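Heads up: the structure comes next, in structure tokens.
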Amino acid sequence: MDARNHDGLNQEPWLWPTQVWQQKLNRVRAGKALKPGKWKGNARLAVALSFDSDHETSELRNGGVSFGRMSQGQYGARSGMPRILRILEKYAVPASFFMPAVSAMIHPEEAAMIVAAGHELGMHSWIHESNSRLDESTERELALRAASTLEHLSGIRPVGMRTASWDFTPSTLKIAREMGLLYDSSLMADDEPYELLEDGEPTGIVEIPVEWIRDDSAYLAMDRTVGARPYGAPLMILDIFRRELELAYDEGGLFQLTMHPHQIGHRSRIFILEEIIRLAHSKPDVWFATHAELAAYCANEAGLAAASKAPS
Ligand SMILES: [Zn+2]
């Protein structure tokens, strides 16, 4: 089924009655701004670091045919994660790790280690599947199974999700509401947190927005089999992330970053993470938070009902 025509309409977009494009537009949309006057502890800047621990699942979801790509994913768990966890520990910085359930089943010790170190473990699909290829009941079943699997492996039920490849369907928000999630982190309508609207109705779910600009994958995901091989030099990536952070500080806002252990974790790249943390640390009034802590703080400040879903 063509994702454009999930409502069964076969008309070309320029033939749609106004009501049709309005309905599509309003299905999932940014609502109330949730940037508080001040961040926790009177901080001027909130820093939310995240790592999508896809590991082998980014190849498994495509059929698991390339052992080369699966070994690249395994590198993320074997070599990337220890470096990342060491740096986070060195600077006493909390982070959020979004893990496909299958990745957590392959690396249960990693899921346990993340939680033991005080970091957050969030949902990131079942096997890094593309949601837009699923029907609603399959998407729901996989989301529920993913949450239960992470809870079983880590002892803590996730309160937030990031869809694989940030692939969001007309059912994704509905499923997140049914699951009683505190937040999502897959959409891009703002630099600052906001409340998600479903069909124009406030949902109480906090969006911690992402952006490809602040994602290492956009610069580093080399695929040998395609003509275009995006590649960004590490210093260029650091410069982009640094500028995002500096202006977030000037604006008293949020600096959110998405990284992947099998990409940022390499010897020639891991310094980007350390430099960004050092830059944030060099400023006097910075709050480092997990996505869950950030979402709970925003929900609480705005008086959203979701605030009660914060992890204890
Ligand atoms: Zn991912």
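Some notes on this structure:
- Total residues in segment 26-56 satisfying the condition of being more than 16 Å from the ligand (Cβ to nearest atom) and polar (S, T, N, Q): the figure is 2.
- A search for C-beta distances below 6 Å between a residue of segment 48-60 that is open to solvent by 10 Å² or more (accessible area, probe 1.4 Å) and any residue that is among the small types (Gly, Ala, Ser) and more than 10 Å from the ligand (Cβ to nearest atom), counting only pairs 6+ apart in sequence or on different chains, returns 56/73; 58/73.
- Sole exception among (1) in a loop (DSSP other than H, G, I, E, B); (2) farther than 20 Å from residue 130 by Cα for residue 204, by number: (1)
- Some residue of segment 19-35 being surrounded by 12 or more Cβ atoms within 10 Å (Cβ to Cβ) and touching a Cys at 6+ places or on another chain (Cβ under 6 Å): yes
- Scope segment 61-93; condition assigned to a loop (DSSP other than H, G, I, E, B) and either within 15 Å of the ligand (Cβ to nearest atom) or open to solvent by less than 30 Å² (accessible area, probe 1.4 Å) (or both); matching residues: 61, 62, 64, 66, 93
- Remark: residue 277 falls outside the filter, which requires a residue to be away from the ligand (no atom under 16 Å from the Cβ), modelled with pLDDT of 95 or more and open to solvent by 20 Å² or more (accessible area, probe 1.4 Å).
- Within segment 160-184, the set of residues being in a loop (DSSP other than H, G, I, E, B) and either within 22 Å of residue 138 (Cβ to Cβ) or open to solvent by 30 Å² or more (accessible area, probe 1.4 Å) (or both) comprises 162, 163, 167, 168, 169, 170, 171, 179, 180, 181.
- Some residue of segment 174-185 being within 16 Å of the ligand (Cβ to nearest atom), under 19 Å from residue 100 (Cα atoms) and in contact with a Ser or Thr (Cβ under 6 Å, 6 or more places away or on another chain): no
- Residue match in segment 260-267 (condition: within 16 Å of the ligand (Cβ to nearest atom) and more than 15 Å from residue 81 (Cα to Cα)): no
- The residue pairs whose first member lies in segment 122-139 and is at positive phi, whose second member is more than 11 Å from the ligand (Cβ to nearest atom) and open to solvent by 50 Å² or more (accessible area, probe 1.4 Å), and whose beta carbons are closer than 8 Å, counting only pairs six or more residues apart or on different chains, are 128/60.
- Residues in segment 233-275 that are of a type in the set (Ser, Thr, Tyr), outside any helix (DSSP H, G or I) and more than 16 Å from residue 212 (Cα to Cα): 268 only.
- Residues satisfying the stated conditions in segment 94-116, i.e. within 19 Å of residue 287 (Cα to Cα), more than 14 Å from the ligand (Cβ to nearest atom) and small (Gly, Ala, Ser): 95
- Criterion: open to solvent by 40 Å² or more (accessible area, probe 1.4 Å) and touching a Pro at 6+ places or on another chain (Cβ under 6 Å) - qualifying residue of 285, 190, 199: 190
- Pairs with Cβ under 8 Å, 6+ apart, first in segment 150-173 and touching a residue at least 24 places away in the same chain (Cβ under 8 Å), second polar (S, T, N, Q) and more than 16 Å from the ligand (Cβ to nearest atom): 173/203
The values are calculated or read from the model by the stated rules, or taken from the named source; none is laboratory data. Note that this is a predicted model, so its numbers are computed, not measured. No Cβ is skipped: glycine too gets one built from the backbone with ideal geometry, and neighbour counts run over all protein chains shown. Just so you know, the surface numbers come from the protein's heavy atoms only, side chains and all, with ligands and any DNA or RNA stripped out. Shrake-Rupley method; radii C 1.70, N 1.55, O 1.52, S 1.80 Å.
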